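Enquirer: Take a look at the following structure, please.
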Amino acid sequence: MTHKRAEKVAEAIHEMVSLLLIKGLKDPRIGFVTITGVEVTDDLRQAKIYFSVVGSEAEKKGTEQGLSSALGFIRKELGKQLRMRFVPEIVFKYDESIAYGSRIETILKELDAAGKVDDK
């Protein structure tokens, strides 16, 4: 049963943090960022928020720094919205899967252009 609650809290955090990024954070370091997922521990004490950034490695680092500096504000806003006894500790993690998928797609296109991919 706790898994269901953790999933609901994760979903709510995903929605709220996404909205905060659109409306509430004015940090210029935070570029075009997308929240790709949220994992909350079963005891609801920690939330890992996965994000991706469109841009260079420097823009990714700037966004990570901006998100880290906004942690207090984000937790405060979540506390107002979630109405939980404890607001989970937040850890932002860069989601490598999108970059990985993009790299695979590029390799497949290169192989296809070279005539090495056989469509069946």
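Enquirer: Are there any pairs with C-beta distances below 9 angstrom linking a residue in the range 94-115 that is within 22 Å of Val54 (Cβ to Cβ) to a residue that is of a type in the set (Lys, Arg) and not in a helix (DSSP H, G or I), with the two at least 6 apart or on different chains, and if so which?
Expert: Final answer for the pair search is Glu110/Lys116.
Enquirer: Any chance the range 82-92 includes a residue that's crowded, with 16+ Cβ neighbours inside 10 Å and within 13 Å of the chain's Cα centre (by Cα)?
Expert: Filtering the range 82-92 for residues crowded, with 16+ Cβ neighbours inside 10 Å gives 82, 87-88, 90, 92.
Checking which are within 13 Å of the chain's Cα centre (by Cα) leaves us with 90, 92.
So far as the range 82-92 goes, yes, one or more of its residues are crowded, with 16+ Cβ neighbours inside 10 Å and within 13 Å of the chain's Cα centre (by Cα).
Enquirer: Right, here's the next one. Can you find a residue in the range 44-52 that is of a type in the set (S, T, N, Q), touching a helix residue (DSSP H, G or I) at 6+ places or on another chain (Cβ under 6 Å) and on the phi < 0 side of the Ramachandran plot? Explain how you work it out, then say what you get.
Expert: Step one: of the range 44-52, the residues of a type in the set (S, T, N, Q) are 46, 52.
With the extra rule that they be touching a helix residue (DSSP H, G or I) at 6+ places or on another chain (Cβ under 6 Å), the set shrinks to 52.
Pick out the ones that are also on the phi < 0 side of the Ramachandran plot and you get 52.
Yes, some residue in the range 44-52 is of a type in the set (S, T, N, Q), touching a helix residue (DSSP H, G or I) at 6+ places or on another chain (Cβ under 6 Å) and on the phi < 0 side of the Ramachandran plot.
Enquirer: Still on this structure, I have one more. Could you go through the range 54-66 and let me know if any residue there is surrounded by 13 or more Cβ atoms within 10 Å (Cβ to Cβ), more than 13 Å from the chain's Cα centre (by Cα) and of a type in the set (D, E, K, R).
Expert: For the range 54-66, residues surrounded by 13 or more Cβ atoms within 10 Å (Cβ to Cβ), more than 13 Å from the chain's Cα centre (by Cα) and of a type in the set (D, E, K, R): present.
Enquirer: While we're here: Evaluate the following for Lys48: is it under 19 Å from Glu96 (Cβ atoms) and of a type in the set (Lys, Arg)?
Expert: Details: under 19 Å from Glu96 (Cβ atoms): yes; of a type in the set (Lys, Arg): yes.
Judged against the criteria, Lys48 is a match.
Enquirer: Right, next: Being of a type outside the set (Phe, Trp, Tyr) and either loosely packed, with under 12 Cβ neighbours inside 10 Å or under 22 Å from Lys76 (Cβ atoms) (or both) is the filter here; which residues of the range 21-36 pass it? Can you show your working first?
Expert: Filtering the range 21-36 down to residues of a type outside the set (Phe, Trp, Tyr) leaves 21-31, 33-36.
Result: Leu21, Ile22, Lys23, Gly24, Leu25, Lys26, Asp27, Pro28, Arg29, Ile30, Val33, Ile35.
Enquirer: Based on this model, can you work out whether Glu39 counts as more than 15 Å from Lys93 (Cβ to Cβ) and surrounded by fewer than 19 Cβ atoms within 10 Å (Cβ to Cβ)? Walk me through it before giving the result.
Expert: Numbers: more than 15 Å from Lys93 (Cβ to Cβ): no; surrounded by fewer than 19 Cβ atoms within 10 Å (Cβ to Cβ): yes.
So Glu39 does not fit the description; no.
Enquirer: Tell me which residues, restricted to the range 68-86, are without any contact (Cβ under 8 Å) to a residue 40 or more places away in the chain, in contact with a strand residue (DSSP E or B) (Cβ under 9 Å, 6 or more places away or on another chain) and not charged (D, E, K, R). Write out each step before concluding.
Expert: First, pick out the residues of the range 68-86 that are without any contact (Cβ under 8 Å) to a residue 40 or more places away in the chain: 68, 71-72, 75-76, 79-80, 83, 85.
Going one step further and asking which of them are in contact with a strand residue (DSSP E or B) (Cβ under 9 Å, 6 or more places away or on another chain), we end up with 68, 71, 75.
Matches in the range 68-86: Ser68, Leu71.
Values in this text are rule-based calculations from the coordinates and carry no lab data. Given the structure is predicted, the values throughout are model-derived calculations rather than measurements. Reconstructed Cβ throughout: ideal geometry from the backbone, glycine too, with neighbour counts over all protein chains shown.
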